[in-house]
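Structure first, then comments.
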Amino acid sequence: MTTAAIMTKANQDYRRLRILRGIASVLIVLMIIVIFALPYVWMLSSGLKTQASIFSDTSPISWRTFIPTDVTFDNLVSLFVDRGVGRALINSAIVAAAQVIGALIVCTLAAYPLTRMNFRGRGVIFALILATFMLPTEALVVPLYQLVAGMGLQDTLAAVALPWIASAFGLFLLKQSFEQVPAELDEAAMLDGAGHFRTFFSVILPVVRADLVTFVLLIFLFSWNGFLWPLVAVQSTENVLVQVAIAQSVSPGELPNWGLTFAGATVATIPLIILFIFLQRLFIPGLARTGMK
């Protein structure tokens, strides 16, 4: 066999190997997508079925499990007309927006001196703040409720959002982000006559914009998915949040209406999906910059 023939055969084998690797990569990605998407597809499909259809289509598992044959919107109508989920969605959006704005202000203003100013006890202060993140929410419910009741905020949306504005997790996230900004930028701003506030707003915040988007999405996610504290802090149906409203759709002593529950879970996840779709271009780089996995 000539050298040219050997080279031609080697190139063909290399191209076949690349094609096989490409096919394998596509198959692996599709398998991962299916694994992550199937539970959501099942939830969405079950929310459009009757109670009897959910049980009959679940066992044995078939294509009917994930694709409804007799679509009904009774569960969605019941959610918004009878259960007041529409009002609960608005309440959750208000609480999440207030918590995000408040946490953004508090955590950015706290992260700046902890990373850009040298003062005695800086590490101890940060360690004490971070230690509060280790406390379970269950241990904080009673003292937090006594605090908001003493302030006259019980059974209000402010009572749900206010205790979590000072977020130790958010401070940790932003501190990691601020530390990656070169100190030379601060020095250049100081030489131009900028003070700390000017440096903070004109230099630091624009550089960490992607990290701020990550911060906003994570705080919004934590607030939107909150259940225990909203359940304790709010008693009236006018101020109930969406996660609590979905849980209360099951009447005590009765068989759960799984179609109603699945429909509620679907409705509750739609705002998060929409928010992520619009901000994903900045969210993923922000995760990479802050070192989160």
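The values are calculated or read from the model by the stated rules, or taken from the named source; none is laboratory data. Everything numeric in this text was worked out from a predicted model, so none of it was measured. Cβ atoms come from the backbone with ideal geometry, glycine included; neighbour counts cover every protein chain shown. SASA here: full protein model, heavy atoms, side chains in, ligands and nucleic acids out. Shrake-Rupley method; radii C 1.70, N 1.55, O 1.52, S 1.80 Å.
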Next item on the list: Give the carbon-plus-sulfur fraction of the accessible surface of the chain in %, rounded to a whole number; probe 1.4 Å, heavy atoms of protein chains only.
Entry: 70
Next item on the list: Using a/c under 1.5 as the rounded threshold, could you call the chain rounded, prolate or oblate? The axes a ≥ b ≥ c are square roots of the C-alpha gyration tensor eigenvalues, and prolate needs a/b larger than b/c, oblate otherwise.
Entry: oblate
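Under 13 Å from the Cβ of SER53, count the other residues' Cβ atoms, weight Lys and Arg +1, Asp and Glu -1, and hand me the total.
Working: positive: LYS49, ARG64; negative: ASP57, ASP70, ASP74.
Every neighbour counted, the sum reads -1.
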Check: For the chain, what is the accessible area per residue in Å² when the probe is 1.4 Å?
Finding: 60
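Kindly sort ARG87, ARG209 by accessible area of their heavy atoms, largest first, with the probe set to 1.4 Å.
ARG209, ARG87
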Next item on the list: Could you order SER62, SER167, SER177 by accessible surface area, starting with the largest, using a probe radius of 1.4 Å?
Entry: SER62, SER167, SER177
Check: With every protein chain in place, what's the accessible area of TYR112 (1.4 Å probe, Å², nearest 10)?
Finding: 10
Notebook entry, point to check: Going out from 0 in 10 Å bins, what whole percent of all Cα-Cα distances in the stretch 98-163 drops into each bin?
Noted result: 17, 37, 34, 12, 0
Item checked: Extension gain (nm, one decimal) between ARG21 and ALA52, 0.36 nm per residue minus Cα-Cα -> 6.7 nm
Note to self: I'd like the Karplus ³J(HN,Hα) series for the stretch 11-28: coefficients 6.51, -1.76, 1.60, θ = phi - 60°, whole numbers in Hz, and an x wherever there's a Gly or Pro.
What the structure shows: 5, 5, 5, 5, 5, 4, 5, 5, 5, 5, 5, x, 5, 4, 5, 4, 5, 5
Next item on the list: Kindly rank 147-159, 41-53 from highest to lowest mean number of other beta carbons found within 10 Å of each residue.
Entry: 41-53, 147-159
Checklist line | HN-Hα J in Hz across the stretch 264-276 - Karplus 6.51, -1.76, 1.60, θ = phi - 60°, x for Gly and Pro | finding: x, 5, 5, 4, 6, 8, 4, x, 5, 5, 4, 4, 5
Margin query: Tell me the accessible surface of LEU104 in square angstrom (1.4 angstrom probe, heavy atoms of protein chains only), to the nearest ten.
Written below: 50
Checklist line | Extension gain, ILE67 back to ASN118 (0.36 nm per residue minus Cα-Cα distance, nm) | finding: 12.3 nm
